[in-house]
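Colleague: Can you keep this structure in mind? I'll have questions shortly.
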Amino acid sequence: MDTVRERGHLADFLPLYYRLLDPARIPTGAELDASSADIIRANDIAVDMAMLSLEAIFAIQPPLQTGADLWLRLFAWVQFVQMFRDLLSAGFKADIPSEEALLLGFVTFSRDICEHGQNKLMITSTAGFKSIAVRAWRCLVNNQDISLLEDALYNSLPFIAIAPSLAHEIIDGAGGTIDDLATLVVRHFDLVLVEGPDTPLSRPRLGLIHYALEIWAHVDGMGVYLQGARESPQRLTLALIARGIVRPLTRVFCLVSSSADPDSARVIEQCLILLGALFLTRDGYRVLRFALQSGLLHALLCSSQRVLSANAFQGLGFLLADILAPATVYYYVLSDLWTAYSEVADNIDRDSFTDPQIGVAWGIVERTTLHRHDVLRSFESEDHVCRRACDNVQCGIIKEKTRFWRCSGCFALFYCSKECQRLDWRRGHRAFCSFYRSGHTDIHLNYTSRERAFIRALLYHDFKENKFQIYRESAATWVTKPNAELVVFFDYNFADVVISVRELSESGLTGPRPAHHWPDMIARASTSDGRMSLNGVILPEAAGIQDRCRVIPLHTPTPAVYDRLKRIAAGMRAPDRVPIHELVRLVNPDPMSQFH
């Protein structure tokens, strides 16, 4: 072998390599455990000759027509070495190649013969091959050499990403768990981004990005439509979120959206789908914040001016109008979006958008952002005073929050005096204090106090803007059902809030079902004599929980509005004949100028 290598004649011995790599020569488990000197020597010779043969084949370019037969033999030996590497390295005299050299050589050989005949179908459909290929990818990433990653991975591995293999092989090759694969993907992006965001995106780097995105989409079964990601959060996506994928993915999206490479359009489509998958998970609005801070809005603007596929434009519009615009209900998303919007606003020219529907989607984002920023500005102003209402509904006094006592049992309810607290305890709070204390009030789950306060401020703003509609629907309902208890729903799953008035009862509710404290909220509203009304706030969240409802009560010091609406309804003959002039008198001047 040393002689022919020096003379450049390794290929002359190809028939010998073929014979020495016969899978029948691979030692069995029983033979590896044998103590007989003859068996041990035979195993040593078989493994030593096979390793020399692998080394020679990786160093030459065998004729393509030999690929299929030869490949199956190489595959069997590579699997054997990977399975028993520790044992072979410790107990055999053969020179066992490193994992990186073995796997990279094998995958490169696979690539070279892939285009001949039916070799590609054979290779990519062979059980276990993708696991070996991903192991090679993991070795390259752990090597922390971007040049080697570009030369080897870009040239050797991209074809396996679209192979019809099972996701469990990819996970096995990454280390055996979904967390191992998530760690590998994040490290891969860190290597791709090591040159910095201002470095031009080369064709090899674009290929590396495409490869990792394909693996991600393949494991989680992502389709070509972003809306399909609503069906259920996928396990790799969730594991990637836990490892901070959103910032590197957004930076990748920024790089690709600004690239002049024609192939970047396909990668933009991948980024849109996977970013959408991140935003559609539970607490996706928190992920969206980090994306906005990392340049998401600028990348979306650049992509809007590109020539993309119909699927990509559909995903882009969905991301803007159906995810970004509704998420402005969240304080931190709106704050970061406003900062990003201020930076790109001068560059938003709807005539420059390739698809006219994208211009419409941008218009929705702009309108919603500007509208809710007015609420945000008022919320953050020095004149804004945080107020509360006494949770003794027979009192309902409204004043500054700092002037109330908080229930020391649940920390959720507030009272203007010790007497009001005692009265409310007797009224029924003693039965529900533990529910509030254990966190069953959904509005307190997962949100900071500032987020909750802003949601309440936005609710008040939208209630005041839509009072005429709310009062009209309430009166119309009481025409046929004068004793019905009502709840006003504010659905923020859309760019513009959708408001509806529905009937409720303690035993059931038409619409989204709130948390366990719901019976207590109904009882409070029923005994308030009109001083307290219930409002169900439906916030944009992940698939399967969009309809979870937060209940936010509104308090007024007097039942004037309630009594007036009841009188209007009593004088009506049909629900569709609400006297407009009576409602105008009710709304202006506004008897609800003070409410909480």
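Colleague: Could you give me the residue pairs with C-beta distances under 8 Å whose first residue belongs to the stretch 472-484 and is of a type in the set (D, E, K, R), whose second residue is in a helix (DSSP H, G or I) wherever it lies, and which are 6+ apart or on separate chains?
Modeller: Here the result reads 472/583, each pair linking the stretch 472-484 to a residue that is in a helix (DSSP H, G or I).
Colleague: Here is a list: 353, 318. Which entry is under 30 Å from residue 378 (Cα atoms) and aromatic (Phe, Trp, Tyr)?
Modeller: Matching residue, one of 353, 318: 318.
Colleague: Identify all residues within the stretch 410-434 that are surrounded by fewer than 20 Cβ atoms within 10 Å (Cβ to Cβ), modelled with pLDDT of 90 or more and part of a loop (DSSP other than H, G, I, E, B); write none if there are none.
Modeller: 417
Colleague: Looking at the stretch 368-416 only, could you name the residues that are of a type in the set (Phe, Trp, Tyr) and closer than 21 Å to residue 529 by Cα?
Modeller: If the condition is that a residue be of a type in the set (Phe, Trp, Tyr) and closer than 21 Å to residue 529 by Cα, then 414, 415 are the ones that fit.
Colleague: Same structure again: Just to check your reading of the model, which residue among 96, 57, 45 is under 18 Å from residue 25 (Cα atoms) and without any contact (Cβ under 8 Å) to a residue 12 or more places away in the chain?
Modeller: 45
Colleague: Now a separate question. Output the number of the condition that residue 515 fails; it satisfies all remaining conditions of (1) touching a helix residue (DSSP H, G or I) at 6+ places or on another chain (Cβ under 8 Å); (2) at pLDDT 85 or above.
Modeller: (2)
Colleague: So in the stretch 14-62, with the set limited to residues that are outside any helix (DSSP H, G or I) and not hydrophobic (A, V, I, L, M, F, W, C), which one is modelled with the highest pLDDT?
Modeller: That would be 22.
Colleague: Here are 87, 16, 74: which of them is buried (at least 17 other Cβ atoms within 10 Å of the Cβ) and in the same structural domain as residue 129 (by TED's automatic domain parsing)?
Modeller: Within the list 87, 16, 74, the selection yields 74.
Colleague: Please identify the pairs in which a residue from the stretch 284-304 that is under 10 Å from residue 257 (Cβ atoms) has its Cβ atom under 8 Å from the Cβ atom of a residue that is part of a helix (DSSP H, G or I) and acidic (Asp, Glu), counting only partners at least 6 apart or on another chain.
Modeller: Short answer, once both residue conditions are applied: 298/343.
The values are calculated or read from the model by the stated rules, or taken from the named source; none is laboratory data. As the structure is a prediction and not an experimental result, all values here were calculated from the model. FYI the Cβ positions are ideal-geometry reconstructions off the backbone, even for glycines, and counts take in every protein chain you see.
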